[in-house]
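Take a look at the structure below.
Taken together, the values in this text are just the output of simple stated rules run on the coordinates, not laboratory data. These figures come from a predicted structure and were not determined experimentally. Because the Cβ atoms are built from the backbone with ideal geometry, glycine has one as well, and the counts that use them run over all protein chains shown.
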Amino acid sequence: MSKAVRVRVWARAWLRGLVRRDAGMVTSEYAVGIIAAVAFAAVLYKVLTSGQVTEQLQGIVERALNVQM
């Protein structure tokens, strides 16, 4: 087997190893994304249910419903 063929065989095997090692990363990335989304949703919920924001949202809705056309 020539040196060039051995290098190609080694390179293919090495690349396959990289692909296989990265296969488990997708699940952990999804998990981190879900945790971040849940944390963001919790913060957003706290902000939107605070008294000041609730009053402002109610005022906006009331003005929108009372618009004369």
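Under the simplified labelling scheme, the TRP14-VAL43 pair shows an inter-label distance of 4.2 nm, with each label point 7 Å from Cα along Cα→Cβ.
Simple spin-label model, 7 Å along Cα-to-Cβ: ILE35 to VAL61 in nm? Going from the ILE35 label point to the VAL61 one covers 3.5 nm.
Considering every Cα-Cα pair within the chain, what fraction, in whole percent, is farther apart than 20 Å? Value for the chain: 67 percent of Cα pairs lie more than 20 Å apart.
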